[in-house]
1. Do we have any residue at all in segment A:134-146 that's closer than 28 Å to residue A:205 by Cα, of a type in the set (S, T, N, Q) and either more than 17 Å from the chain's Cα centre (by Cα) or open to solvent by 60 Å² or more (accessible area, probe 1.4 Å) (or both)?
2. Only one of these conditions is not met by residue A:5: (1) farther than 28 Å from residue A:153 by Cα; (2) part of a helix (DSSP H, G or I); (3) open to solvent by 30 Å² or more (accessible area, probe 1.4 Å). Which number is it?
3. I need the helices (runs of 4 or more DSSP H) fully contained in segment B:74-171, keeping only those with at least 2 residues that are of a type in the set (Val, Ile, Thr) and in contact with a Leu (Cβ under 9 Å, 6 or more places away or on another chain).
4. Looking at (1) crowded, with 17+ Cβ neighbours inside 10 Å; (2) on the phi > 0 side of the Ramachandran plot; (3) aromatic (Phe, Trp, Tyr), which is the only condition residue A:154 fails?
5. Only one of these is within 28 Å of residue A:104 (Cβ to Cβ), touching a Phe, Trp or Tyr at 6+ places or on another chain (Cβ under 8 Å) and within 14 Å of chain B (Cβ to nearest Cβ): A:43, A:28, A:35, A:20. Name it.
6. Any idea which of B:156, B:151, B:145 is within 14 Å of the chain's Cα centre (by Cα), closer than 24 Å to residue B:204 by Cα and within 11 Å of chain A (Cβ to nearest Cβ)?
7. Note down all Cβ pairs under 8 Å where the first residue falls in segment B:139-153 and is within 17 Å of residue B:35 (Cα to Cα), the second is among the aromatic types (Phe, Trp, Tyr) and assigned to a helix (DSSP H, G or I), and they're at least six residues apart or on different chains.
Amino acid sequence: MRFDWDWEFTFEILPRLLAATVNTLIAAGLGYAIAVVLGLVFALAQRTPVRSLTFTVREVVEFIRSTPLVLQIFFVFYVGPQFGVRLSPWTAGMIAIGLHYSAYLSEVYRGGIEAVPKGQWEACRALNMSTRDTYLRIVIPQALPPSIAGMGNYLVGIFKDTPMLSVIGVAELLHTANAIGSENYRFLEPYTLVGIIFLAISLPAAGFVRLFEARVRRKLGL
Amino acid sequence: MSLLEFLQTYGSLIVSGTWVTVIQFLLAVVVAILAALTAGLGKLSKNVLIRGVAITYIEIFRGTSLLVQLFWLFYVLPLFGITLDKFTAGFLSVGLNIGSYGAEIVRGSIQAVPRGQYEAAYALSMSPARRMRRIILPQALVLMLPPWGNLLIELLKGTALVALISVADLMFQTRQINASTFLSAQAFGTALIIYYILARFLITPFMRWLERVMARRLGRA
């Protein structure tokens, strides 16, 4: 191996890498969908009057946040079969990455909910609204706009963390680049292209998140 | 096999792995702090070239995955004539990755130091370098410590990836044990708990302590 960029090879492998990019985007999208819902569950569970539940969820969120995602992916993938539950790499990967990011998103939601002024809660109580209505109609709509920046950052974050799924054999971008590299004994082009593809998606995505946030703020008159 | 037996059999491997993880962490912290300070100050520079280099570094390392950076540094950099052994490539890429996030913290907290502090230092005719060193940075440091606490947890988690270029850290040893015994719950479970202890009971309290010490030194406690 020596350093000489091979354009022919580049164009030969580019379609394969772009196909894998679709997988990466699907993985990020699915993982994020799980995280958005589960994160809200985690956030709301921490606001129930049941002390033991609040405490447990708080600790679980802390635990997930302070341990490496790659280790969690291995854990979910390998521990299942030990107890007779076989998970495909995709399923295990989505559970692990979704769970990991739901812990982060729950913190984002929590910040958003806590930012809703106390008067709003009191007004709901004064109007005799049910807890469900209070959350669904008053609190969550107000908690979302300040959460958008954080949510957007974690969307880009989950995208950048999908390469870790390659360790259990999910055929995403890095996994494909590894395969191409070892088939051809050339790593320069595949790895560099992976880097460029990531930049080409995450930089505009980060910019878009900022624009979207500004737009929501303007729409709500903030 | 019970957990106790498991730990008796594989304890020494796990301890040696943890030790490597700690060393990787400490070296990566040094790299991250240096990179963050350099790039954070560079982004505030008036010189277009310096600012350009700093922004390029920050955007490239924040825009791609740590794992991709790690593989690139380890497998592709040798083609440019720079061969790093796996241990160096490991902490260097983790440090550079976290450093790019840290650079934004450094920049943000320097800009958050009140304008009057600059003006007062100017009025006392301090040189720009001295003003930065004696007046601005110490105050910015207090502001940036809390976000750095979170970033250091991210850094610790990032070091787990060096196992994938076969640095024999905690993650690597656990995978080895898993591959030879299939005791996945015990192996990965133990590793998860060790990472948790390192993050929650060593790094976080240390950062809290540092925050208190720094606040006191600035007379704000």
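The values are calculated or read from the model by the stated rules, or taken from the named source; none is laboratory data. Note that the structure is a prediction, hence the values are computed from the model and not measured. Positions of Cβ are backbone-derived with ideal geometry, glycine not excepted, and every protein chain shown enters the neighbour counts. For accessibility, only protein heavy atoms count, side chains too; no ligands or nucleic acids. Shrake-Rupley method; radii C 1.70, N 1.55, O 1.52, S 1.80 Å.
1. yes
2. Status for residue A:5: all satisfied but (2).
3. Numbers: elements: B:86-112, B:115-123, B:137-159.
Correct list: B:86-112, B:137-159.
4. Of (1) crowded, with 17+ Cβ neighbours inside 10 Å; (2) on the phi > 0 side of the Ramachandran plot; (3) aromatic (Phe, Trp, Tyr), only one is false for residue A:154: (2).
5. Values: A:43 fails: within 14 Å of chain B (Cβ to nearest Cβ); A:35 fails: within 14 Å of chain B (Cβ to nearest Cβ); A:20 fails: touching a Phe, Trp or Tyr at 6+ places or on another chain (Cβ under 8 Å).
Matching residue, one of A:43, A:28, A:35, A:20: A:28.
6. B:156
7. As it stands, the answer is B:151/B:101, since those pairs meet every condition given.
To keep it simple, each residue is scored yes or no on (1) within 13 Å of chain A (Cβ to nearest Cβ); (2) within 17 Å of residue A:196 (Cβ to Cβ); (3) under 15 Å from the mean Cα position of the chain (by Cα).
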| residue | (1), (2), (3) |
| --- | --- |
| B:42 | no, no, no |
| B:46 | no, no, no |
| B:52 | no, no, no |
| B:57 | yes, yes, no |
| B:70 | yes, yes, yes |
| B:82 | yes, no, no |
| B:92 | no, no, yes |
